[in-house]
Amino acid sequence: GYFLFKFLVIGNAGTGKSCLLHQFIEKKFKDDSNHTIGVEFGSKIINVGGKYVKLQIWDTAGQERFRSVTRSYYRGAAGALLVYDITSRETYNALTNWLTDARMLASQNIVIILCGNKKDLDADREVTFLEASRFAQENELMFLETSALTGENVEEAFVQCARKILNKIESGELDPERMGSGIQYGDAALRQLRSPRRAQAQSAQECGC
Ligand code: GDP
Ligand code: MG
């Protein structure tokens, strides 16, 4: 059995969101010669400290270019990668707007990891690690610099975010039973670990798929 978390990848166009998703799912860099429409959705099962978590990850599918990322995109997300490009101050300056939207349209409790992507382009850097890590601290975000090109810290970003959500479930800070939490259990057995009585009542109605 496994947990199911809805994840988002947000941030300005061109920061590498689609490439991060592709690298995470396919373990390779999505190069530009591939002109197929970007992945809009990906899912992967990861093991976090012995627990299986299925991540359902939504990519903006280019909507961010028109500043029209829809409410339905955000709805019920448990976690998010908030991405900027370390070689573009403009993408860093946009982070506050993305954060406001995520907390307003997804949930106040959404767990967010800030990703300074294109870490491999250090020579063209416009945003220092220190500056971004301070921003992350002030806004209660986790923080990593990533490279969708080399794969550095890509898996880590998703895993760290999932681990934080699991910790919050275990501490009771997050309630997976709450509507729109973005968290589901993949089977009734795991659910029983947390609330045996409710689980038995519900398992009768579940198809187990
Ligand atoms: P999105 O608009 O946020 O989905 O960005 P894309 O994933 O489409 O990437 C935008 C551009 O940045 C493409 O030309 C990618 O090849 C490039 N890119 C993405 N991630 C990286 C990275 O980690 N390093 C480098 N050097 N280029 C990247
Ligand atoms: Mg994209």
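The values are calculated or read from the model by the stated rules, or taken from the named source; none is laboratory data. Just so it is clear, the structure is predicted and the values come from calculations on it, not from any experiment. Glycine gets a Cβ as well: all are built from the backbone with ideal geometry, and neighbour counts include every protein chain shown. Each accessible area value is taken on the protein alone, full model and side chains, heavy atoms only, with ligands, DNA and RNA left out. Shrake-Rupley method; radii C 1.70, N 1.55, O 1.52, S 1.80 Å.
For this structure, a couple of remarks:
- Check on GLY16, in contact with a helix residue (DSSP H, G or I) (Cβ under 6 Å, 6 or more places away or on another chain) and more than 22 Å from GLU138 (Cβ to Cβ): no
- For segment 47-79, a residue qualifies if it is over 21 Å from ILE113 (Cα atoms) and among the hydrophobic types (A, V, I, L, M, F, W, C), and exactly one does: PHE66.
- Among the candidates ASN97, ASN109, the residue that is open to solvent by 10 Å² or more (accessible area, probe 1.4 Å), of a type outside the set (D, E, K, R), assigned to a helix (DSSP H, G or I) and more than 10 Å from ligand 1 (Cβ to nearest atom) is uniquely ASN97.
- Answer from SER68, SER72 - the residue that is without any contact (Cβ under 8 Å) to a residue 40 or more places away in the chain, away from ligand 1 (no atom under 13 Å from the Cβ) and either among the aliphatic types (A, V, I, L, M) or not in a helix (DSSP H, G or I) (or both): SER68
- Failed criterion for LYS164 (all others in (1) under 13 Å from the mean Cα position of the chain (by Cα); (2) within 16 Å of ligand 1 (Cβ to nearest atom) hold): (2)
- Qualifying residue in segment 116-129 (condition: closer than 19 Å to GLY14 by Cβ, touching a helix residue (DSSP H, G or I) at 6+ places or on another chain (Cβ under 7 Å) and open to solvent by 10 Å² or more (accessible area, probe 1.4 Å)): yes
- Selection count where residues are on the phi > 0 side of the Ramachandran plot, within 16 Å of ligand 2 (Cβ to nearest atom) and open to solvent by less than 70 Å² (accessible area, probe 1.4 Å), scope segment 58-79: 2
- Condition check for SER88: within 16 Å of ligand 2 (Cβ to nearest atom) and surrounded by fewer than 22 Cβ atoms within 10 Å (Cβ to Cβ): yes
- Within segment 158-182, residues that are part of a helix (DSSP H, G or I) reach partners that are small (Gly, Ala, Ser) and open to solvent by less than 50 Å² (accessible area, probe 1.4 Å) with beta carbons closer than 7 Å, at six or more positions or on different chains, in the pairs CYS161/GLY79; ALA162/GLY79; ILE165/ALA78; ILE165/GLY79.
- Qualifying residue in segment 53-76 (condition: out of contact with any strand residue (DSSP E or B) (no Cβ under 9 Å at 6 or more places or on another chain) and modelled with pLDDT of 90 or more): no
- Against the list (1) under 16 Å from PHE24 (Cβ atoms); (2) away from ligand 2 (no atom under 16 Å from the Cβ); (3) in a loop (DSSP other than H, G, I, E, B), the condition LEU55 fails is (3).
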